[in-house]
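Novice: Handing you a structure now.
All of the numbers you see were taken from the coordinates with simple rules; none came from a lab. All values reported here derive from a predicted model rather than from experimental measurement. Cβ placement follows ideal geometry from the backbone for every residue including glycine, while neighbour counts extend to all protein chains displayed.
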Amino acid sequence: MAQMTMIQAITDAMRVELKRDEKVLIFGEDVGKNGGVFRATEGLQAEFGEDRVFDTPLAESGIGGLAIGLATQGFRPIPEIQFFGFVYEVMDSIAGQMARYHFRTGGKFDMPIVVRSPFGGGVATPEMHADSLEGLMAQTPGLKVVIPSTPYDAKGLLISAIRDNDPVIFLEHMKLYRSFRQEVPEGEYTIELGKADVKREGKDISIITYGAMVHESLKAAEELEKEGYSAEVIDLRTVHPLDIETIVKSVEKTNRAIVVQEAQRQAGIAANVIAEINERAILSLEAPVLRVTAPDTVYPFAQAEPVWLPNYKDVIDTAKKVLTF
Amino acid sequence: MLPGIIKIVIERKRQMASKAKNAQLDVNKQLETIDQQFQTLQILNEEGEVVNADAMPDLTDEQLQEIMRRMVYTRILDQRSTALNRQGRLGFYAPTAGQEASQIASHFALEKEDWILPGYRDIPQIVWHGLPLYQAFLWSRGHYQGMNIPDGLNIYPPQIIIGAQYVQTAGVALGIKKNGGNTVAITYTGDGGTSQGDFYEGINFAGAYKVPAIFIVQNNRYAISTPVDVQTAARTLAQKAVAAGIPGIQVDGMDPLAVYAAVKQARERAVAGEGPTLIEALTYRYGPHTLSGDDPTRYRTKEEDTEWERKDPLVRFRKYLEGKGLWNQEMEEQVIEQAKEEIKEAIKQADAAPKQKVSDLISIMSKNLDANLQEQLEIYKEKESK
Ligand SMILES: Cc1ncc(C[n+]2csc(CCOP(=O)(O)OP(=O)(O)O)c2C)c(N)n1
Ligand SMILES: [Mg+2]
């Protein structure tokens, strides 16, 4: 086992799959010689050649269409969208086309595509790069939306996503790329898509979250513990489809819950999780389920990020409201 | 008799058709012809010698000096911005050194009333169009007041989404036309930008509506690390104009006079109602793509850098002006001093900008805040008052 950052684990997952299956292809802007602007594909072109790992012209809709076409010809494309803030340029390919191919052809065409992209915020990118747009994706029937929060999960989830025959949107939080290392096994292993992970067990409140907010939530749980509250932290890992079983089981145990997301408040994953809880476990609840989110503005200018992004203190405040309701 | 005549006519038609068909099928010839039509316009060579007097634009000595002054100033701005970024006193920055002729001379061909839709690298043009430098710095730092552009300045915020400025330019120029104005809209993208669907849509719409627009492509050979020959099989980017039915010109983008001449003509055509022009300027960025971790040695060679540094726009223009007795060391130093002084002042001004609050951001979300935002505004104001 090796100590890896999340980005190293992601590169490793792609290396494993490029080696295992010659139909796997990686392409996107600057993913070749340059190894991607975050270096997620570092060394892969050198190792597997330009036929397998290649730069595209600068056009996201072109990249999306290329992936769809290649998928119909038996390949397993892993296109990279350089920053998820640019996803609007490829929305038709993703939400309009790849999500619907299987359906439109009565099940004839598989779409074994993994759209990888850095997302989230907190790293002072220029305008329009950073954002949490997983809600847009999760609202699109036909897509799976996966968001790892640790190096170990990133590798196992990415390998599963590559082997999945349906389109998967794989969102890599920019702040987590290099924020910490973890033991990551060599070679292949998979983590089932659509399964949440109970990061920390507790009995007083369930904190349901994903992405970078998993770490803020764990930190909050530690603080709450000092004040005598036992918080359970659930990392969704896949935001669509949701692991409803794990969520409901936890809420039935703790009777209280909050949902924490980095994304803005309007619509979104947190609202959906709460709706599921209301529909399936309302009688277990002793307090309303509250949300911790960013405010409903456009993703902020870099200087305002630290005050705009939710953090562990917000998680503590909201958890206490629910705990003392 | 009649059937005979008809037969002859038909045969002739067939012959013509088959001849025409052959010419149409000669696809290599077709590509060759297109390639031949797009030769690079150069007026000043690398030595600062006039090689194309026919195309020489009409510029007074003062105007020539002003172009030089602005290019020198902009080079200093680039150096200072880079240094300030490294000290953590500036945020996002996309270096401009090497591209001064493309940026400054193209802008110099405009009028104050013309509208600019820049890309993220085109800060010099909007600063010379009147944007206070401290606001450019605020934008770099990620402050919302950076692009709160003062009234009376016909400037749009630098585009981040590559290609988006091209389609919007078609709209701006159509608006100018509908308003009966005699100004133009000018926009900038890079070689990579020409691959976007928006690029084609923008020039096509502009051609279809025959609007007063100028589309500049600063071909600095790389889109981050991706070389231009990965972008397209086309030999030039200027020839992309053909499909839109608009003129396309390729110029030596290291030659301020060639750039100026092409843009000046495009502007004259535009205000005369003759429609848009696409101009490709062949240039090079000496620095990294941006200062956020790009390392050009991963994808460019030292030899290529050196080859392009020999074409430097400041060097050749300085030689040209010195030859005419219009420029000297002292003038250059004066510009450098002035630039440094003004940059220092602008940084001070940027430092004095109020800290950004979430409530500020909420309040600029829309003209009238809906109840949801109003509620959030109150919550954040309350939090911020503690
Ligand atoms: C729609 C979109 N895709 C990708 C990017 C990321 N990106 C920023 S600059 C750049 C390269 C642009 O190259 P070019 O058009 O040649 O302009 P240059 O930077 O060389 O001036 C890329 C891929 C972006 N900003 N917008
Ligand atoms: Mg370029």
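Novice: Select from A:S93, A:F325, A:L158 the residue farthest towards the positive end of the dipole of chain A; place +1 on Cβ of Lys and Arg, -1 on Cβ of Asp and Glu, and compute about the Cα centre.
Specialist: Going by the charge dipole, the pick is A:F325.
Novice: Over chain A, what is the relative contact order in whole percent, taking alpha-carbon pairs under 8 Å and six or more residues apart?
Specialist: Once divided by the residue count of chain A, the mean separation gives 16 percent.
Novice: Would you kindly derive the ³J(HN,Hα) couplings of the range A:102-116 from the backbone phi angles with the Karplus curve 6.51 cos²θ - 1.76 cosθ + 1.60 (θ = phi - 60°), listing them in order in whole Hz, with x for Gly and Pro?
Specialist: Values, residue by residue: 4, 5, 5, 9, x, x, 6, 8, 7, 10, x, 10, 10, 8, 8 Hz.
Novice: Another question about this same structure. PRE reach from A:K108 (point 7 Å along Cα→Cβ): which of the range A:71-94 fall under 17 Å by backbone N?
Specialist: Residues A:71-75 fall inside that zone.
Novice: From Cα pairs below 8 angstrom and at least 6 apart in sequence, can you work out the relative contact order of chain B, rounded to a whole percent?
Specialist: 22 percent
Novice: Compute, for the range A:1-138, the length of the dipole vector about the Cα centre, with Cβ point charges of +1 (Lys, Arg) and -1 (Asp, Glu) only. Units Debye, rounded to 20.
Specialist: 500 debye
Novice: Still on this structure, please answer the following. For A:57-66, what's the mean count of beta carbons from other chains sitting within 10 Å of each residue's beta carbon?
Specialist: Per residue, the number of nearby Cβ atoms from other chains is 5 on average.
Novice: Continuing with the same structure: Quick one: order B:D370, B:D122 by neighbouring beta-carbon count within 10 Å, fewest to most.
Specialist: Ascending Cβ contact count within 10 Å gives the list B:D370, B:D122.
Novice: Work out the P(r) tail for the range A:214-325: percent of alpha carbon pairs separated by more than 20 Å, whole number.
Specialist: 41 percent
Novice: Could you tell me the convex hull volume per residue, in Å³, taken over the Cα atoms of the protein assembly as shown?
Specialist: It comes to 215 Å³ per residue, whole-number rounded.
Novice: Anyone know which of A:R20, A:R256, A:R181 comes out most mobile in the 10 Å Cα GNM of chain A?
Specialist: A:R20
Novice: Could I ask something else about it? What are the aspartates and glutamates whose alpha-carbon lies under 15 Å from the alpha-carbon of B:K355, with same-chain residues fewer than 8 places away excluded?
Specialist: Once the sequence-local aspartates and glutamates are set aside, what remains near B:K355 is A:E305, B:E384.
Novice: What's the angle, to the nearest 10 degrees (0 to 90), between helix A:213-226's Cα axis and the longest principal axis of chain A?
Specialist: Tilt relative to chain A: about 20 degrees.
Novice: For the protein assembly as shown, build the charge dipole from Cβ charges (+1 Lys, Arg; -1 Asp, Glu) around the Cα centre, then report which of A:G35, B:I216, B:G181 sits farthest towards its positive end.
Specialist: Highest projection toward the positive end goes to B:G181.
Novice: Would you kindly work out the equivalent ellipsoid of chain B from its C-alpha gyration tensor and give its semi-axes, the square roots of five times the eigenvalues, largest first in whole Å?
Specialist: Each semi-axis is √(5λ); the values are 42, 29, 20 Å.
Novice: Below 8 Å, C-alpha to C-alpha, sequence gap of six or more: please give me the relative contact order for the range B:186-231 in percent.
Specialist: RCO, the range B:186-231: 56 percent.
Novice: Once phi is turned into ³J(HN,Hα) by the Karplus curve 6.51 cos²θ - 1.76 cosθ + 1.60 with θ = phi - 60°, what whole-Hz value does each residue of the range A:159-176 show in order, with x for glycine and proline?
Specialist: 4, 4, 4, 5, 7, 6, 8, 10, x, 10, 9, 10, 9, 10, 5, 4, 6, 8
Novice: I would also like to ask the following. No solvent, one uniform scatterer per C-alpha: report log10 I(q)/I(0) for the range B:242-384 via the Debye equation at q = 0.14, 0.21 1/Å, two decimals.
Specialist: -1.02, -1.22
Novice: Give me a single rounded figure for B:222-231: the average over its residues of other chain Cβ atoms within 10 Å of their Cβ.
Specialist: 5
Novice: Could I ask something else about it? With +1 on the Cβ of every Lys and Arg and -1 on the Cβ of every Asp and Glu, and nothing else charged, how large is the dipole of the range B:147-243 about its Cα centre, in debye rounded to the nearest 20?
Specialist: Charge dipole of the range B:147-243: 260 debye, to the nearest 20.
Novice: Hey, can you grab everything whose amide H is under 5 Å from the amide H of B:L291? Only 5+ residues off in sequence or another chain; H modelled, so Pro and N-termini drop out.
Specialist: Answer set, sorted by chain and number: B:Y93.
Novice: Further question on the same structure: Could you list the square roots of 5 times each eigenvalue of the Cα gyration tensor of the range A:261-325, that is, the equivalent ellipsoid semi-axes, sorted largest first and rounded to whole Å?
Specialist: 26, 15, 6
Novice: Which value, in debye to the nearest 20, describes the size of the charge dipole of the range A:172-218 about its Cα centre when Lys and Arg Cβ atoms bear +1, Asp and Glu Cβ atoms bear -1, and nothing else is charged?
Specialist: The dipole of the range A:172-218 has a size of about 240 debye.
Novice: Then there is this: Considering the dipole of the protein assembly as shown built from charges on the beta carbon (Lys and Arg +1, Asp and Glu -1) around the Cα centre, which of B:V27, B:T74, B:M254 is farthest to its positive end?
Specialist: Value computed over the given set: B:V27.
Novice: Hey, what number do you get for the protein assembly as shown at 222 nm if only DSSP H runs of n ≥ 4 count, each worth -39500 (n - 2.57), divided across all residues, to the nearest 500?
Specialist: -13000 deg cm²/dmol
Novice: At a Förster radius of 56 Å, what calculated FRET efficiency corresponds to the Cβ-Cβ distance of A:Q3 and B:E341, to the nearest 0.05?
Specialist: 0.65
Novice: Let me ask something else about it. Going by how many other Cβ atoms sit within 10 Å of their own, how do A:I26, B:I34, A:I234 line up, fewest first?
Specialist: Exposure proxy ranking, most exposed first: B:I34, A:I26, A:I234.
Novice: Sorted from fewest to most neighbouring beta carbons within 10 Å, what does the list B:Y222, A:Y189 look like?
Specialist: Fewest to most other Cβ atoms nearby, the residues stand as A:Y189, B:Y222.
Novice: Local charge sum around B:I76 (other residues, Cβ-Cβ under 15 Å, Lys/Arg +1, Asp/Glu -1)?
Specialist: Surrounding charge for B:I76 is -2.
Novice: Here is a further query. Could you tell me the distance between the Cα centroids of the range A:180-246 and the range B:288-357, to the nearest Å?
Specialist: That distance is 50 Å.
Novice: While we're here: What number of lysine-lysine pairs in the range A:141-262 show an alpha-carbon separation below 19 angstrom, given a sequence spacing of 8 or more or placement on distinct chains?
Specialist: 16
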